[in-house]
Amino acid sequence: MARVSQEHLDARRRQILDGAARCFARNGFHATSMQDVLKEVDLSAGAVYRYFSGKEELIAAIVREVLAQVRGGFEEAARSSPPPPPDLLVTSVLGRVLAAKEDLTVDGRPAFPGLVIQVWAETLRNDDLAVVLREGYGAVQETWSRIVAAYQEAGIMRSDVSPDHVTRTMMATAMGFIAQQALFGPAPAEILGDGLRALTSVRDHSAVNVPETRSN
């Protein structure tokens with residue numbers, strides 16, 4: 001029997017994950033059956049079940065992959081001294097993640113943001129998926145905390161704010177931007193970068209000369 005190469009195994013796994021993601025994005029998790037996935041990827045049940053035990057495992061694998069991409073981008077930045085500023089960093093990482101999923105479309109529209117919203121909603125009823133998401137976000141949060149600490153050590157970010165608070169805010173900003181895309185349509189990640197750059201340029205209120213109001 002001919003030995004199957006790792007490249008072939010990886011390509012087949014990729015085929016299955018991409019097909020499943022298209023099904024989930026198009027029909028939702030609950031309305032998608034494994035039969036739908038088999039039809040989408042044009043493979044036998046045996047070929048698919050060799051890699052994934054079922055729909056739940058497919059969903060978890062998609063989530064882990066995306067979170068690993070996000071963490072990988074921030075890990076790369078964490079090795080810089082100091083890391084790139086937040087506006088450039090978030091724009092770069094989020095832009096790469098969105099670009100990697102640009103082929104995931106439904107009726108010609110980007111479907112990845114909507115799939116992310118589905119995952120968030122599914123964690124409210126699926127404890128196993130909730131654990132996967134918490135672990136993934138926890139890893140991203142840990143990486144971001146190191147980035148914030150590097151900013152503070154370099155003297156380019158105020159040190160009287162907890163790194164955890166900054167981390168949660170930056171993650172909420174990125175998550176909110178994805179939610180906006182799901183609700184209102186696609187937008188380039190550079191918009192988020194421009195907004196962050198403008199917000200971080202605001203001076204401390206105590207250093208701003210506030211015009212006095214004249215009384216009549």
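The values are calculated or read from the model by the stated rules, or taken from the named source; none is laboratory data. Here the structure is a predicted model, which is why all the values come from computation and not from measurement. FYI the Cβ positions are ideal-geometry reconstructions off the backbone, even for glycines, and counts take in every protein chain you see. Only protein heavy atoms, including side chains, enter the accessible area calculation; ligands, DNA and RNA are left aside. Shrake-Rupley method; radii C 1.70, N 1.55, O 1.52, S 1.80 Å.
Of the residues making up segment 12-46, those that are aliphatic (A, V, I, L, M) and open to solvent by less than 60 Å² (accessible area, probe 1.4 Å) are Ile16, Leu17, Ala20, Ala21, Ala25, Met34, Val37, Leu38, Val41, Leu43, Ala45. So which residues in segment 140-160 are under 15 Å from Ala174 (Cβ atoms) and among the hydrophobic types (A, V, I, L, M, F, W, C), if there are any at all? Scanning segment 140-160 gives Val140, Trp144, Ile147, Val148.
Quick one: which helices (runs of 4 or more DSSP H) sit completely within segment 1-50 and have at least 3 residues that are over 27 Å from the mean Cα position of the chain (by Cα) and not charged (D, E, K, R)? Ranges flagged: 45-49.
Rundown of residues vs (1) acidic (Asp, Glu); (2) surrounded by 12 or more Cβ atoms within 10 Å (Cβ to Cβ); (3) not in a helix (DSSP H, G or I), yes/no style:
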site	(1), (2), (3)
Gly136	no, yes, no
Val140	no, yes, no
Val148	no, yes, no
Gly155	no, no, yes
His165	no, no, no
Arg168	no, yes, no
Phe177	no, yes, no
Ala182	no, yes, no
Ala187	no, yes, yes
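Among residues of segment 56-71 that are surrounded by fewer than 20 Cβ atoms within 10 Å (Cβ to Cβ), those with a beta-carbon under 7 Å from a residue that is among the aromatic types (Phe, Trp, Tyr) and not in a helix (DSSP H, G or I) at least six positions away or on a different chain give the pairs Ala61/Phe52.
Of all residue pairs spaced 6 or more apart or on separate chains, none has beta-carbon atoms under 9 Å together with a first member in segment 185-199 that is free of Cβ contacts under 8 Å to residues at least 40 places away in the same chain and a second member that is of a type in the set (D, E, K, R) and loosely packed, with under 13 Cβ neighbours inside 10 Å. Report the residue count in segment 72-111 for those that are within 23 Å of Arg14 (Cβ to Cβ), out of contact with any Ser or Thr (no Cβ under 9 Å at 6 or more places or on another chain), outside any helix (DSSP H, G or I) and open to solvent by less than 20 Å² (accessible area, probe 1.4 Å). The number of residues fulfilling the criteria is 1. Total residues in segment 121-134 satisfying the condition of being farther than 22 Å from Val166 by Cα, assigned to a helix (DSSP H, G or I) and open to solvent by 40 Å² or more (accessible area, probe 1.4 Å): the figure is 4.
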